[in-house]
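This report concerns only the one structure given below.
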Amino acid sequence: MKNILCIGAGYVGGPTMAMIACKCPEYRVTVVDINAERIAAWCAGQPPIYEPGLEALIKSALGRNLFFSTDVKGGIEAADIIFVSVNTPTRTFGHGAGRAADLQYWEKTAREILAQSTSDKIIVEKSTLPVRTAEAMERILKTGAAGAHFEVLSNPEFLAEGTAIKDLENPDRVLVGGHDTETGRRAVAELVDIYAHWVPRERILTTNLWSSELSKLAANAFLAQRISSINSLSALCERTDADVVEVSRAIGMDRRIGSRFLNASVGFGGSCFKKDILNLAYLCEHHGLPEVAAYWEQVVRMNDYQEERFVERMRTAMFQTVAGKRIAVFGFAFKADTGDTRESPAIRVVRGLVEERAAVVVSDPRALDNARRELADLGNAVAFDPDPLRAAKGAHALALLTEWNEYRALDYRAILAGMEKPAFLFDGRNILDHRALFDLGFEVYAIGKTPLSHL
Ligand code: NAD
Ligand code: UGA
């Protein structure tokens, strides 16, 4: 049995390794992390993150050929292949603060691998990293005296939260980057063989290391750019009586454009889009390409604008003030089917409303623990209630910020009856039946649409 180790048991490490363990029973897969609480949850078969289908997947391999542990050193020693899936957040200090990737966790693992290795290993970059990071990894690993050979590969992860298991089971493509040397080609072939257990070979793409590293940043930048593009037009729609949903449909039917990722929204969130684009921009600047950096940075600026604009539209619609008004926020996760709140647009919206002295009640089916942590400094200005009907009681407005399915089917007649009048509804995801809600009596404001108002 060959040993696979993954360092980092987070949103990526846990699900990806569970999938590999499940599909490749002849590999022993161990996932290690310095966070003992997370590891304890994984070991108990109760993942520390919410992801549809994950618990069943874990249970199918846990204890058979899938193990979780805090023993990083022991794991490295025993491993033939090491995936590194630690977090690579934006730097918050020093050079490149607010833009460049903070590679301290990454570098620490490289040094740990070096210190604990006595045999040859394949090191796989799973984390999203600046292009040419593998070079730094190789330099660190080459300083070892033990004579072990390390072959570094890039194998970025493209899963999206909420659909991680489906994405892993049936990926559009798997990308493996490696050196065009004998050992490089052999390592690439070994990793390709792992994925080929369940992914058709024509969907497994092999490239050089730098293309692979850059393609990950590029894919996220392109996806986010589409959202910012449609969101920029949503602002124009609101001024011109055009309807952004109709515009999105009209352009998306052009096969050259395609229909996905054209849903206008309160803004994109998640741990990666913003950090990866800022990192891409930083890299461009570092390589003397300020115009290219500015081009990509605008995608993030447009997203900031969309979030700010949402709060401003609420304030303006509600007679220029939300002070003292109760506002129920439906959804705090950055998207549906996850409890993750990292960079959620709801953070900025709630903070903006609190700044305007509104009394905010946040509801979410899965993300309230994270929401509480995220907003801890706001004290009593924000309340939390898992029941949306209770949250809406006595509210002047509802703001729907996450596209949870359950929000489509709520009893809005009963909700309206319990609200202050006029009752405002701001749909930050355009998932509700706006005409029906208007007919019930709501003042309806949707993204990129003319308001439906009785006033
Ligand atoms: P995460 O924060 O959920 O998990 C990272 C884990 O690494 C944490 O549990 C942390 O304790 C652990 N860790 C950090 N340093 C360590 C060390 N020295 N030894 C052992 N464990 C260590 O992060 P994530 O969301 O899983 O993202 C990981 C990487 O994958 C990032 O680079 C991210 O950009 C990328 N990525 C994330 C997603 C996603 O959907 N979240 C998708 C694709 C790619
Ligand atoms: C995204 C990418 O889709 C993944 O391929 C990538 O692996 C991952 O980032 C990563 O590198 O972390 P994720 O952030 O989990 O995945 O979720 P998405 O479905 O991409 O949604 C991101 C944000 O954009 C969410 O807030 C979502 O609500 C928003 N969005 C998405 C829109 O506002 N409109 C859309 O049309 C699509």
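Descriptive notes on the structure:
- Annotation: residue 443 fulfils all but one of (1) away from ligand 1 (no atom under 16 Å from the Cβ); (2) open to solvent by 10 Å² or more (accessible area, probe 1.4 Å); (3) modelled with pLDDT of 95 or more; the unmet one is (2).
- Scanning the range 58-92 for residues that are over 21 Å from residue 155 (Cα atoms), open to solvent by 30 Å² or more (accessible area, probe 1.4 Å), part of a loop (DSSP other than H, G, I, E, B) and modelled with pLDDT of 95 or more yields a count of 4.
- Every pair of residues 6+ apart whose Cβ atoms lie under 9 Å, when the first sits in the range 309-334 and is hydroxyl-bearing (Ser, Thr, Tyr) while the second is outside any loop (DSSP other than H, G, I, E, B): 321/315
- Condition met for residue 230 (part of a helix (DSSP H, G or I), at pLDDT 95 or above and in contact with a Ser or Thr (Cβ under 6 Å, 6 or more places away or on another chain)): yes
- Scan of the range 195-213 for residues that are among the aliphatic types (A, V, I, L, M) and either in a loop (DSSP other than H, G, I, E, B) or out of contact with any strand residue (DSSP E or B) (no Cβ under 9 Å at 6 or more places or on another chain) (or both), ordered by number: 196, 199
- Residue, nearest to the chain's Cα centre (by Cα), within the range 154-194, restricted to residues that are assigned to a helix (DSSP H, G or I) and within 16 Å of ligand 1 (Cβ to nearest atom): 164
- Among (1) touching a Ser or Thr at 6+ places or on another chain (Cβ under 9 Å); (2) within 15 Å of ligand 1 (Cβ to nearest atom); (3) more than 30 Å from residue 265 (Cβ to Cβ) - the single one residue 116 does not satisfy: (1)
- Among the criteria (1) crowded, with 21+ Cβ neighbours inside 10 Å; (2) touching a strand residue (DSSP E or B) at 6+ places or on another chain (Cβ under 7 Å), the one residue 138 does not fulfil is (1).
- One residue from 301, 309 being surrounded by fewer than 19 Cβ atoms within 10 Å (Cβ to Cβ), in contact with a helix residue (DSSP H, G or I) (Cβ under 7 Å, 6 or more places away or on another chain) and not hydrophobic (A, V, I, L, M, F, W, C): 309
- Between 97, 56, 41, the distinction of being of a type in the set (Gly, Ala, Ser), away from ligand 2 (no atom under 16 Å from the Cβ), in contact with a Phe, Trp or Tyr (Cβ under 9 Å, 6 or more places away or on another chain) and without any contact (Cβ under 8 Å) to a residue 60 or more places away in the chain belongs to 41 only.
- Residue within the range 210-217 that is within 10 Å of ligand 2 (Cβ to nearest atom) and touching a residue at least 60 places away in the same chain (Cβ under 8 Å) present: yes
- The residue pairs whose first member lies in the range 263-276 and is within 17 Å of residue 332 (Cα to Cα), whose second member is of a type in the set (Lys, Arg) and within 16 Å of ligand 1 (Cβ to nearest atom), and whose beta carbons are closer than 8 Å, counting only pairs six or more residues apart or on different chains, are 268/274; 269/335; 269/342; 270/335; 270/342; 271/342.
- Residues of the range 103-112 satisfying the condition of being open to solvent by less than 10 Å² (accessible area, probe 1.4 Å) and either more than 10 Å from ligand 1 (Cβ to nearest atom) or part of a loop (DSSP other than H, G, I, E, B) (or both): none
- Residue pairs whose Cβ atoms lie under 7 Å apart, separated by 6 or more positions or on different chains, with the first residue in the range 3-18 and within 6 Å of ligand 1 (Cβ to nearest atom) and the second assigned to a helix (DSSP H, G or I), are 7/72; 7/109; 9/38; 9/39; 9/42.
- Checked against the criterion of being within 16 Å of ligand 2 (Cβ to nearest atom) and in contact (Cβ under 8 Å) with a residue 12 or more places away in the chain, the candidates 125, 107 yield just one match: 125.
- Look at the range 382-400: where a residue is farther than 22 Å from residue 316 by Cα and a partner is among the aromatic types (Phe, Trp, Tyr), sitting 6+ places away or on another chain with Cβ atoms under 6 Å, you get 388/330.
- Qualifying residue in the range 194-204 (condition: within 30 Å of residue 124 (Cα to Cα), open to solvent by 20 Å² or more (accessible area, probe 1.4 Å) and touching a residue at least 40 places away in the same chain (Cβ under 8 Å)): yes
- Selection within the range 1-26 - buried (at least 19 other Cβ atoms within 10 Å of the Cβ) and in contact with a His (Cβ under 9 Å, 6 or more places away or on another chain): 20, 24
The values are calculated or read from the model by the stated rules, or taken from the named source; none is laboratory data. Just so you know, these numbers come straight off a predicted model, no measurement behind them. FYI the Cβ positions are ideal-geometry reconstructions off the backbone, even for glycines, and counts take in every protein chain you see. To get the accessible areas, we keep the full protein, side chains included, count just its heavy atoms, and leave off ligands, DNA and RNA. Shrake-Rupley method; radii C 1.70, N 1.55, O 1.52, S 1.80 Å.
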